[in-house]
Structures are given as structure tokens and as C-alpha cells.
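This report refers to the structure that appears directly beneath it.
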Amino acid sequence: MTGYLEGILVVLCINAVLGYAAYLPLSIGQINLGIAGFMAIGAYTSAIVTNELGFPLILGLFSAIAVAAVAAALIAYPVLRTTGIYLAFATFALNEIVRSLFLNIELVGGAAGYPVAVYSGILFPALVAAVVTLLMVYSGATRAHIVLASVRRDEAVSDLFGVNIRLVQLIVFVVSAGLAAAGGSLYAHYFSFIEAQHFTVFLSITTILYVVVGGTRSVWGPIVGALIYTFLPELLRDSGEWRFVIFSALIIAFIAFRPEGIVAPWPSGPGSLVARWVGRSR
Amino acid sequence: MHVQQIVNGLMLGSVYVFVGIAFTMIIGIINFVNFSIPALFMLGAMTAWALLNVGVVAPLALVAGLLVGIVASMAVEQVLYKRLSGRDPVISLIGSLAFLILYEHLVIHILGSDQQAFPALLPDFNIRFGDIVVGLGQLCGFAISILLVFGLSYLLKHTPVGRNLRAISESTETATILGINVRRHVQMMFVAVGLFTALGGLLFSLNYLQVSALMGQEIGLKAIAAMIIGGVGSIWGAVVGGMLIGILEVTTIGLFGADTVDIVIYALLLLLLVVRPSGILGGALQSTQRI
């Protein structure tokens, strides 16, 4: 395998794991703009324990997930008191606080960045992404998926039917943070260098955007979104600059005509799609 | 020295006021978080810079900057309006984020992503009050922002258009039943938002003399913080929040250095969101009930 192809495939694995981190909150109707912050926590934790304590790769990954999950559980109580757009604002503030904290910690290089000694190669990220995808797809076939969908559709009714809304939100927040940290750990060990300024809220935003294109109603959505987001610039060779332009135009088209994303039940037949479009543009 | 810093903070804060008012108007009236606003800020400034660079006379370039801001804002309205009236605020928020990325990367593609020097159009003239020095351009920006707030406040309270807008903010359905053309008012609001934000971008570049394709991000994010701290949906809240953030930013840089500014501002934001989500002057909007 050429190094070029390998690089793209690893990016795909990282994007898929991050995609699931963004997908979980979206699947209960929340926008978590703090994903890049938890990714930073994961990347730095994994880098520190492998660099300073000599942990192997796999323990680096688990430490990253554990630290981010604990951090998420601690911050969840105040943050999850907010709802709707206020939750988006609170997680956005959280992301910027985490990023600026790492920017100011001299132990991990501050603004200069932090080199990561342990290199993962392609097999490890591929394995992690496969495990995460399998777990998510499996959970999509269980009651958990139904519970998440019911919380998204109507919190009050779900509550009446005995769903513990607060608990569901807490679990989603913590698991999402753990997945983001796993993505951060993979990122750190493949690119061998991390800097705080990479993990801005705009990284969270682009992640959410490609998940929305893929679809937030199905566990396959994040994979489809990550595939499109990763391979689109490669298909448009020599015009990588246009990636974001085309991608955001695609999102806008999706929001305007198909907010459910690609992976979701399509209306029966192309005729009804046209009818829907005509109906909407009236 | 301290007074001088507070004055500097107020001048910087007036930039946040322009952008914060744009955010707060749209949230207050149709409950839509328009994340494309930072891009409008940048579009106004970058358009003017690009035109000045190819030799267009200054007044024409500045007006063109305002127009591009307005057109870009209207495009957001055209595409997303149908989604705005829906119950799901997530979708419209994501749509506006997509517009932000689209505009920024269009500009990066056409004009590049480097930081550029904006030509000094205003005379380098400082006014002294005792020990305190204020640039003429900064003072103008401050004055315009205050005038704008008084104007808007008057418009909302005492004119028929303002009454209609307040009715829409109470209930879109009832406003429609009462014969208000909601769509037209929303369009007017987006024009105003494009205008204010682009104007803020122009005043910022005239005073701080640097522009870039990503200039809107930092200002936009801080303006959101300012709006929330002041109180979402309240025009005076945006003013209080903007000035507070401006002063906080300048004094934090003075005391601890530039790297800690974001920690202070966003920690304050998070704290306020948890403790008092309605903000300092809040209470005007019960948005949690509407979304």
C-alpha cells in the first residue's frame, strides 16, 4: 500500500470514530460543539502517558478514553442543565476553555505543540475504527437505538414511558466524549505531533456537518459522512482547496431539501421526491 | 493607566456590539442562531480590502463591502427560511454553520488565507482627554455603535415596524393571523443584520488595519459570548455584554498576557450559562419554551 493511500485510510478511520462522537448527541437532538475539546483531552492524555510514562499504544488509548469520560462526567452536571441552543453555547464555551488550557500548559509545549513518540501505523487505527463501528451498529439493533430516537422525538412522552432522560443524556455525553478522545488518541499517534490550535470549535463543527450529510437517524450515517468527507477532496484532485466550498454547499443543499441526511428512509420513488421539492419551494 | 485600558476596552467592545446585536436580533425575534454572522463580518472587510487593492476609490469600496454583507445575509435567509419556522433549531443552526464555512472558504479560495494589511484611510489623529488617548476612528466606531443601539431601540419601541417585529417575536402564527407579512419582516431583519455586521467589519479593519479570511471567527465567537453574557434577545444586553468583554479582554491581556484571554472569557460564559442563562439583562426571552 502506498503511503498516500495509507494516510487517507487512517484519516477515514479517525473521521469515522469522531463522526460517532458527534452522532450520539445529534441522535437525541443535541448539538455538542465540545467534541474537539474532548478530542484534545484524548490526544494529549495519550501522548503524555506514552511519552512520559512509557505506556504502550493500547493503554494510551484506554487512558485517553478514561480521562475524557471522567472529565465529561464531572462537567456534565452543570452543562446538561442547559437545553437546545444554550447547550450548543455551553459546549462551545467548554471547547474553547479546554483548547486555551492546553495552549497554556508548558509541560505539553504550550503554543509550540507537542511531539508524540509512539507511532501507530495503519493497523491500530483501522482496528479501533472497526471495533467502534461494530459496537455502534450493534447498539443500533438494540433497544438503546429506540430509546435515543424517542428522546429526540419527544422528551416529555419518553419520560412518561419510563425513560430516564437525564441518565440517557449523561450516558450519551460521556460516551461521546470517550469516542472523541479515542479519535484524538488515534490522531496523536498517527500524525506524531499535536498542537492546541488544531482543536478549535470549528473542528467540532466540521465533524457535525459531515455527520449531518451522512444522516443522524441511522448508525450508518457517520460512516457515510466520513467516507464522503474524506474522499471528496481526493476525487477532486489538485483542487483540495475547494473541498470545504463544495462540502458546505452540499450541506446547505441537504438542509434545504433533505435534512434527514443520506442514510434514512427515502420517500418512495423519485417522483415523490420531486413532489416534495415542488411542494417546499412553493 | 487603568482608565486608559478601560477606554481601550470600550472601543474594542463596540466592535462586539455590532456583531452581538446582529446575533441577538435574529435569536430574539425568530429564535434562530445565525452562525453565518462571523462570515458576514469578514465579507464586508475583505470585499473592501480586495477592491481597495485593485484601486477602487475608498467610498465605493466601503459601500461595496456593505452590499456584499447584505446580499450574503439575504442568501442565508432565502435558503434557510423554510427550516427556520420548523420546530427543530438544530437543523437551522447547522445550516447557518455551513454558510459560515462556505463563505470563509470561498474567500480563502479567491483571496487567500493570509493576514493582509488594510490601508489606513482615516487620518492618524488622536484625541486627548487629560492622560487618556483615543483614536479618532475608534471614537467614531464607538459613537456609531451607540447611535445604532439608540436607533434600534427607538425603532422597536415606537414604530409600526418595531411593533410588528415584537409581535412576530411573541408568536409567528398570531402575527400572521393579525395580517403581518412575517416573511417580509424577517427579510428586512436579515438585511439589517448583513448591514450591521459588515459595518462592524469595516470599522474594525479601519481601526485595527488588518484583515483575513478567518477574521470573523474570533470576533464572532466573542460576540456570541458577549450576547449571552448580556442577555440573549436584548439589544441593551448585547451592548453591556460587548463592552464587558472588551474591557475584560484588554485588562486580561494587560495582567496575564494574550494567551489567557480565551480562558477567562469562556469560563465566564460557561459559568453564566449554568448559573443565570438569561444573562445580565435577560428575562426578555423565554427561548427554552419555544424550542
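The values are calculated or read from the model by the stated rules, or taken from the named source; none is laboratory data. The structure presented is a predicted model; accordingly, all values stated were derived computationally and were not measured. Positions of Cβ are generated from backbone atoms using ideal geometry, with glycine treated the same way; all protein chains shown enter the neighbour counts. Please note that ligands, DNA and RNA were not included when accessible areas were found on the heavy atoms of the full protein model with its side chains. Shrake-Rupley method; radii C 1.70, N 1.55, O 1.52, S 1.80 Å.
With a 1.4 angstrom probe, the accessible area lost at the A-B interface totals about 4100 Å². Checking every one of the trypsin sites (Lys or Arg not before Pro) in the stretch B:49-153 against DSSP loop status and a limit of 16 other Cβ atoms within 10 Å picks out B:Arg87.
Helix A:269-280 and the longest principal axis of the Cα set of chain A meet at an angle near 90°. Between the Cα long axis of helix B:182-208 and the first principal axis of chain B there is an angle of about 10°, rounded to the nearest 10. Quick check: Cα centre of the stretch A:36-70 to Cα centre of the stretch B:23-75, how many Å? Their Cα centres are 42 Å away from one another.
How much of the accessible area of the stretch A:161-234, in percent, comes from carbon and sulfur atoms when a 1.4 Å probe is used?
Values: 1580 of 2260 Å².
C and S atoms contribute 70 percent here.
Given the -39500 (n - 2.57) contribution per DSSP H run of 4+ residues, what per-residue ellipticity at 222 nm results for chain A, rounded to the nearest 500 deg cm²/dmol? The partial results should precede the final answer.
Details: 12 runs with 206 residues, N = 282.
Roughly -24500 deg cm²/dmol at 222 nm, from the helical runs in chain A.
Mean partner shielding of peptide A:246-257, defined as the number of other chain Cβ atoms within 10 Å of each residue Cβ, is 6. When both the stretch B:213-270 and the stretch B:152-181 are represented by their alpha-carbon centers, they are found 30 Å apart.
Over the stretch A:3-281, what is the mean sequence separation of C-alpha contacts under 8 Å (at least six apart), divided by residue count, expressed as relative contact order in percent? Spell out each step's value before the answer.
Values: 418 pairs, mean separation 91.0, N = 279.
Here the relative contact order equals 33 percent.
Across B:Gly220, B:Gly241, B:Gly257, mean-square fluctuation computed from a Gaussian network of chain B (C-alpha pairs under 10 Å connected) peaks at B:Gly257.
Where does helix B:261-275 land angle-wise versus the long Cα axis of chain B, in degrees 0 to 90, nearest 10? It is inclined by approximately 30 degrees. Only helices enter this figure: runs of n ≥ 4 DSSP H residues, each worth -39500 (n - 2.57), summed and divided by the residues of chain B, yield -25500 deg cm²/dmol at 222 nm to the nearest 500. Could you tally the net charge around A:Leu24, taking each other residue with its Cβ under 15 Å from the Cβ of A:Leu24, Lys/Arg +1 and Asp/Glu -1? Local charge sum for A:Leu24: +2.
Remark: the protein assembly as shown carries 42 Å² of accessible area per residue (probe radius 1.4 Å; ligands, DNA and RNA excluded).
Largest GNM mean-square fluctuation across A:Val137, A:Val201, A:Val17, computed for chain A with C-alpha springs under 10 Å, falls on A:Val137.
The GNM of chain A, with springs linking C-alpha atoms under 10 angstrom apart, assigns the highest mean-square fluctuation among A:Thr230, A:Thr82, A:Thr133 to A:Thr82.
Let me have the relative contact order for chain B, percent, based on Cα pairs under 8 Å that are six or more residues apart. Walk me through the intermediate numbers first.
Numbers: 472 pairs, mean separation 105.3, N = 291.
Once normalised by length, the contact order is 36 percent.
Residue by residue along A:201-211, Cβ atoms of other protein chains within 10 Å of the local Cβ number 3 on average. Derived value for chain B: Kirkwood hydrodynamic radius 19.4 Å. Basis is the mean of 1/r over every pair of different alpha-carbon atoms.
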